Amino acid sequence: MQEAEVQQIVAAVLAEQQRLHKEGIDDVVMKTVINLLTSFGFEEDERKELKKDFIHLRKWRISVESAEGLTVKVIVGTIVSGLVAAVWLGFKAFVGK
């Protein structure tokens with residue numbers, strides 16, 4: 001056997017070991033997630049419903065965050081408008097004398 005053939009064989013064996021290792025990790029993670037969800041009361045056949053629930057929660061969270069940002073803008077705008085109005089009335093009163 002030549003050195004190039006040995007390197008090819010070693011590379012193929014290492015690639016196969018890595019693939020098997022990754023598949024093993026994927027299986028363990030999947031079983032862990034399934035066990036965790038089952039312990040929380042979710043059955044495996046309810047995954048589609050759970051996904052819809054998470055989508056709904058994400059939409060709700062995003063809408064609440066945007067409402068909070070809008071609320072801050074409205075409050076700041078109101079305060080600034082009040083201050084500008086007070087300055088304007090003070091200026092009018094000062095000039096009117």
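Coordinate-derived values only; no laboratory data. If you're wondering where the values come from, they're calculated on a predicted model, not measured in any experiment. Glycine gets a Cβ as well: all are built from the backbone with ideal geometry, and neighbour counts include every protein chain shown.
Please give the helix 47-96 orientation as an angle from the longest Cα principal axis of the chain, in degrees from 0 to 90, rounded to the nearest 10.
Tilt of helix 47-96: around 20 degrees.
Net charge near Phe42, counting Lys/Arg +1 and Asp/Glu -1 over other residues with Cβ under 14 Å of its Cβ?
Result for the local shell: -2.
Any chance you could tell me what percent of the C-alpha pair distances in the range 29-69 go past 17 Å?
45 percent
For every helix of n ≥ 4 consecutive DSSP H residues, a contribution of -39,500 (n - 2.57) applies; sum these over the chain, divide by its total residues, and give [θ] at 222 nm rounded to the nearest 500 deg cm²/dmol.
One gets -33500 deg cm²/dmol as the mean residue ellipticity at 222 nm.
Let me know the charge dipole size of the chain about its Cα centre in debye, to the nearest 20, where only the beta-carbon of Lys, Arg (+1) and Asp, Glu (-1) is charged.
1300 debye
What angle do you read, to the nearest 10 degrees and between 0 and 90, between the alpha-carbon axis of helix 3-39 and the longest principal axis of the chain?
Orientation of helix 3-39: about 50 degrees from the principal axis.
Gain in length, Met30 to Leu89, computed as 0.36 nm per residue apart minus the alpha-carbon separation, to one decimal in nm?
14.4 nm
Tally Lys and Arg at +1 and Asp and Glu at -1 over the other residues with C-beta under 15 Å from the C-beta of Ile9: what net charge comes out?
Local net charge: -3.
Given H placed 1.01 Å from N in the peptide plane, which residues other than close sequence neighbours of Phe42 have an amide H under 5 Å from its amide H?
Placed amide hydrogens put nothing under 5 Å from Phe42.
State the dimensionless ratio Rg/Rh of the range 1-46 (Rg: radius of gyration of Cα atoms; Rh: Kirkwood radius).
Reported Rg/Rh, Kirkwood definition of Rh: 1.43.
Which label belongs to the value computed from this structure, given these candidates for Rg and Dmax of the Cα atoms in Å: [x] 32.3, 108; [y] 13.0, 39; [z] 12.3, 35?
[x]
Calculate the spin-label point distance for Lys22 paired with Arg58, positioning each point 7 Å from the Cα along the beta-carbon direction, and give it in nanometres.
Inter-label distance under the simple model: 2.4 nm.
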